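*Asks:* This structure is in structure tokens; I'll ask about it shortly.
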Amino acid sequence: MTTSRHLVFASHNSNKTAEIRAILGSGFVLDDLNDIGCYEEIPEPYETLEENAMAKARHVFIHYRKNCFADDTGLEVEALNGRPGVQSARYAGSGKDSKANMEKLINELSGKTNRSARFRTVIALIINGREHLFEGIVNGRITDKPMGEEGFGYDP
């Protein structure tokens, strides 16, 4: 078993890993799936962010016996009844193409005045076998077109 200061982030997304390492600072050692030799895509078959996040964390804890956390994030757009939600990464298809996802979203919002949206992230944390869930929400609005070059996913 590893110590609570050593965590695995159940993701292959190097952008997310870099952001989290910067937030955690030197008090933690953070590995991602590649660092522990987990190259398979962990399935996210569930209808909720909570279920998908916990499934990924449990996969790492069960198969690698490491303290870990996993996230699932969805962009929830009010005028689209919460879509894309749990399907945010694959909104325009299975290819996880951020540009295509943004284009589809903007097209679906064409002519709609309510552009309220939120990013909702659920984090599942497993430390020494104890499971915890956390949620964070950032409210905002969808613009008519992407702006800026920073970030990844829906950030622009």
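The values are calculated or read from the model by the stated rules, or taken from the named source; none is laboratory data. Since this is a predicted model, take the numbers as computed values, not measurements. Cβ placement follows ideal geometry from the backbone for every residue including glycine, while neighbour counts extend to all protein chains displayed. What goes into the accessible areas is simple: the full protein's heavy atoms, side chains included, and nothing from ligands, DNA or RNA. Shrake-Rupley method; radii C 1.70, N 1.55, O 1.52, S 1.80 Å.
*Asks:* Which numbered condition in (1) in contact (Cβ under 8 Å) with a residue 40 or more places away in the chain; (2) open to solvent by 60 Å² or more (accessible area, probe 1.4 Å) is the only one that residue 41 fails?
*Replies:* (1)
*Asks:* Now for a different question. Name the residues in the range 25-38 that are more than 16 Å from residue 127 (Cα to Cα), in contact (Cβ under 8 Å) with a residue 24 or more places away in the chain and open to solvent by 40 Å² or more (accessible area, probe 1.4 Å), would you?
*Replies:* Scanning the range 25-38 gives a single hit, 35.
*Asks:* Something else: Among what's in the range 73-111 and is polar (S, T, N, Q) and not in a loop (DSSP other than H, G, I, E, B), pick the residue that is farthest from residue 125 (Cα to Cα).
*Replies:* Within the range 73-111, the subset polar (S, T, N, Q) is 73, 81, 87-88, 94, 98, 101, 107, 110.
From what is left, the residues that are not in a loop (DSSP other than H, G, I, E, B) are 73, 88, 98, 101, 107.
Working: 73: 15, 88: 22, 98: 27, 101: 28, 107: 36 Å.
Selected residue: 107.
Table: residues versus (1) open to solvent by 20 Å² or more (accessible area, probe 1.4 Å); (2) in a strand (DSSP E or B); (3) within 21 Å of residue 94 (Cα to Cα).
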site	(1), (2), (3)
19	yes, no, no
23	yes, no, no
45	yes, no, yes
55	yes, no, yes
71	no, yes, yes
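*Asks:* In the range 98-112, what residues are of a type outside the set (D, E, K, R) and free of Cβ contacts under 8 Å to residues at least 12 places away in the same chain? Before you say what the answer is, go through the steps one by one.
*Replies:* Quick first cut of the range 98-112, residues of a type outside the set (D, E, K, R) only: 98, 100-102, 105-107, 109-111.
Passing the criteria: 100, 107, 110, 111.
*Asks:* Name every residue in the range 57-69 that is outside any helix (DSSP H, G or I), closer than 18 Å to residue 123 by Cβ and out of contact with any Phe, Trp or Tyr (no Cβ under 9 Å at 6 or more places or on another chain), in order of residue number. Spell out the reasoning first.
*Replies:* Pass one, the range 57-69, residues outside any helix (DSSP H, G or I): 65-69.
Within this subset, residues satisfying the condition of being closer than 18 Å to residue 123 by Cβ are 66-69.
Answer for the range 57-69, where residues must be outside any helix (DSSP H, G or I), closer than 18 Å to residue 123 by Cβ and out of contact with any Phe, Trp or Tyr (no Cβ under 9 Å at 6 or more places or on another chain): just 66.
*Asks:* Here is a follow-up. For residues that are touching a Lys or Arg at 6+ places or on another chain (Cβ under 7 Å) and under 19 Å from residue 73 (Cα atoms), scanning just the range 10-43, find the one that is modelled with the highest pLDDT.
*Replies:* 10
*Asks:* Quick one: in the range 114-142, which of the residues that are closer than 18 Å to residue 92 by Cβ and without any contact (Cβ under 8 Å) to a residue 60 or more places away in the chain is farthest from the chain's Cα centre (by Cα)?
*Replies:* Across the range 114-142, the extreme among qualifying residues is 117.
*Asks:* Residues in the range 137-152 that are within 13 Å of residue 76 (Cα to Cα) and open to solvent by less than 80 Å² (accessible area, probe 1.4 Å): how many?
*Replies:* First, the residues of the range 137-152 that are within 13 Å of residue 76 (Cα to Cα): 137-142.
Subset that is open to solvent by less than 80 Å² (accessible area, probe 1.4 Å): 137, 140, 142.
Matching residues across the range 137-152 total 3.
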